[in-house]
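The values are calculated or read from the model by the stated rules, or taken from the named source; none is laboratory data. The shown structure was predicted, so the numbers you read here are calculated from the model rather than taken from an experiment. Using ideal geometry, Cβ is built from the backbone for each residue, glycine included, and neighbour counts are taken over all protein chains shown. Keep in mind that these areas ignore ligands, DNA and RNA; they rest on the heavy atoms of the full protein, side chains included. Shrake-Rupley method; radii C 1.70, N 1.55, O 1.52, S 1.80 Å.
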Amino acid sequence: MIRQESEFNPGAVSRANAVGLMQLLPKVAAGSPSSKTSGILRRHSYSHQVNLRLGTRYFREMVDKFGSFEYALAAYNAGSNRVDDWLGQGKYRDPQEFVESIPFTETREYVQAILRNANVYRQLYGTP
């Protein structure tokens with residue numbers, strides 16, 4: 001995921017103003033608006049430790065919400081509301097069918113690239 005998001009560059013900034021290894025948007029880096037630490041987290045979102053912690057926490061929330069890595073990856077890239085909409089538009093036999101039907105080319109290719117890279121890493125290093 002980090003390879004796809006930032007190519008392992010902790011100083012990466014996207015055109016959407018997402019930052020760091022996991023390319024966090026400011027609203028994700030800030031956490032809950034009521035969080036006492038939101039300002040600190042926003043200022044330190046370039047720190048690789050903070051960025052990884054916040055990015056993996058957010059991704060875990062997406063996995064818990066959708067129950068599938070494919071859906072969670074799509075939500076990480078395009079937003080959970082869009083994935084909710086896409087899932088509501090059709091009955092998919094499996095997550096792979098969903099991935100093929102993602103209407104945003106960027107998101108579809110993002111999910112496919114991460115799944116492909118994960119398979120390569122498993123072949124190289126085995127399953128953790």
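Side notes on the structure shown:
- Within the range 72-125, restricting attention to residues that are among the polar types (S, T, N, Q) and touching a helix residue (DSSP H, G or I) at 6+ places or on another chain (Cβ under 8 Å), the residue that is most open to solvent (accessible area, probe 1.4 Å) is Gln96.
- For the range 84-102, filtering for residues that are under 22 Å from Asn117 (Cα atoms) and of a type outside the set (S, T, N, Q) leaves 7.
- Of all residues in the range 1-20, those satisfying the criterion of being in a loop (DSSP other than H, G, I, E, B) and either open to solvent by 20 Å² or more (accessible area, probe 1.4 Å) or among the hydroxyl-bearing types (Ser, Thr, Tyr) (or both) are Met1, Glu7, Phe8, Asn9, Pro10, Gly11, Ser14, Arg15, Ala16, Asn17.
- Cross-chain or 6+ apart pairs with Cβ under 8 Å, the range 46-63 first and touching a residue at least 12 places away in the same chain (Cβ under 8 Å) and under 13 Å from Val19 (Cα atoms), then among the polar types (S, T, N, Q) and open to solvent by less than 80 Å² (accessible area, probe 1.4 Å): Asn51/Ser45; Leu54/Ser45; Gly55/Gln23
- Of the listed requirements (1) among the basic types (Lys, Arg); (2) modelled with pLDDT under 95; (3) under 21 Å from Ala18 (Cβ atoms), Arg93 misses just one: (3).
- Filtered by the rule that a residue be out of contact with any Phe, Trp or Tyr (no Cβ under 9 Å at 6 or more places or on another chain) and either outside any helix (DSSP H, G or I) or surrounded by fewer than 17 Cβ atoms within 10 Å (Cβ to Cβ) (or both), the range 50-71 gives Leu52, Arg53, Thr56, Arg57, Arg60, Glu61, Asp64, Gly67.
- When residues of the range 19-54 are limited to those that are under 21 Å from Glu106 (Cβ atoms) and touching a helix residue (DSSP H, G or I) at 6+ places or on another chain (Cβ under 8 Å), the one modelled with the lowest pLDDT: Val28
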